[in-house]
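S.K.: Got a structure for you, written out below as structure tokens; questions coming shortly.
The values are calculated or read from the model by the stated rules, or taken from the named source; none is laboratory data. Note that the structure is a prediction, hence the values are computed from the model and not measured. Because the Cβ atoms are built from the backbone with ideal geometry, glycine has one as well, and the counts that use them run over all protein chains shown.
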Amino acid sequence: MHVVCVNVGAKFPDTYVERMFHMCRRHLPGLQRFTCFTDRRRHLSPEVRQVDCSDWGLSGWWPKLRLFDRRVLDEPFLFLDLDQIVLRPLDRMVRFVDERPDAPVLGMQDFLYQTFSSSILYVRPSNETQVVWDSFACGERYEADGRSSGDQDFIEGCLRAKGLSDILSTFPSEWFVSYKVLRKETRGQTALARERIKNALFLVFHGRPMPHEVLQPWRSLLYLLQHKPLRAFQYWRFLEKEVRQFWCLEDAATDP
């Protein structure tokens, strides 16, 4: 399987790519290649293929849409956002993909909104998937209702407008657990949270905190005091042991 990630700008240190590579190497059977599309040369393991995308002219999450361009990728690939943790072997995911050879796009349901999430995508490039990039490149835009729009809103909105919604399929929801949702629903009770993630494949981070901020919470202390002062210390180091165990693999780089 070919795994792909995107690291553009300064949001993610190089260690995020390095850690994702090592997690995939450990947990993904049949990992053939790991490619990082990046706007500059990164300090990564030589096994990580780096592809320059500085001429795409896209920032934030928008470079992800260019992956739907078959001139960039014309073979099946698994895309992974960098702000998530692989918890255990992905054999179930591989079987799920193999059992659905005609599914062009597989992803997950968003945790907070009734929309398709692009944090984890398995894409089989085709004329249908090419529509996503071609539409964006032609200036089409699809907005979310009442909130900031992102790449996943464009993907779903575009395919719906083109009558191609049926090419989107979802992985089983129990495979993915949101750190933010889990923290809120368990009210910071670590034992309950550990029970909730024991069968999940991914612990997904979206927004703040990021994984390194769980291990070094003082990095996000100012943000918490400004935005959620009553919770600044309620969730201090929530699931730190699990983040350190699954994300800080012994053969990965040092903390960012």
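S.K.: Where residues in region 106-145 are in contact with a strand residue (DSSP E or B) (Cβ under 9 Å, 6 or more places away or on another chain) and charged (D, E, K, R), which of them is farthest from residue 181 (Cα to Cα)?
M.R.: 128
S.K.: Still on this structure, I have one more. Of these, 4, 72, 97, which one is more than 23 Å from residue 244 (Cα to Cα), hydrophobic (A, V, I, L, M, F, W, C) and either assigned to a loop (DSSP other than H, G, I, E, B) or in contact with a helix residue (DSSP H, G or I) (Cβ under 8 Å, 6 or more places away or on another chain) (or both)? Before you say what the answer is, go through the steps one by one.
M.R.: Details: 4 fails: either assigned to a loop (DSSP other than H, G, I, E, B) or in contact with a helix residue (DSSP H, G or I) (Cβ under 8 Å, 6 or more places away or on another chain) (or both); 97 fails: either assigned to a loop (DSSP other than H, G, I, E, B) or in contact with a helix residue (DSSP H, G or I) (Cβ under 8 Å, 6 or more places away or on another chain) (or both).
Being more than 23 Å from residue 244 (Cα to Cα), hydrophobic (A, V, I, L, M, F, W, C) and either assigned to a loop (DSSP other than H, G, I, E, B) or in contact with a helix residue (DSSP H, G or I) (Cβ under 8 Å, 6 or more places away or on another chain) (or both) holds for just one of 4, 72, 97, which is 72.
S.K.: Filter the strands (runs of 3 or more DSSP E) completely within region 107-180 down to those with at least 2 residues that are more than 21 Å from the chain's Cα centre (by Cα) and assigned by TED's automatic domain parsing to the domain that holds residue 34.
M.R.: Numbers: elements: 116-123, 168-170, 176-178.
Those strands (runs of 3 or more DSSP E) do not exist here; none qualify.
S.K.: It is to be established whether one or more residues within region 68-85 are farther than 20 Å from residue 141 by Cα, of a type in the set (A, V, I, L, M) and touching a Cys at 6+ places or on another chain (Cβ under 7 Å).
M.R.: yes
S.K.: If you take the residues in region 17-33 that are more than 13 Å from residue 80 (Cβ to Cβ) and part of a loop (DSSP other than H, G, I, E, B), which one is modelled with the highest pLDDT?
M.R.: Selected residue: 32.
S.K.: Look through 89, 104 and report the one residue that is at pLDDT 95 or above, crowded, with 20+ Cβ neighbours inside 10 Å and not hydrophobic (A, V, I, L, M, F, W, C). Walk me through it before giving the result.
M.R.: Numbers: 89 fails: crowded, with 20+ Cβ neighbours inside 10 Å.
On inspection, the qualifying residue turns out to be 104.
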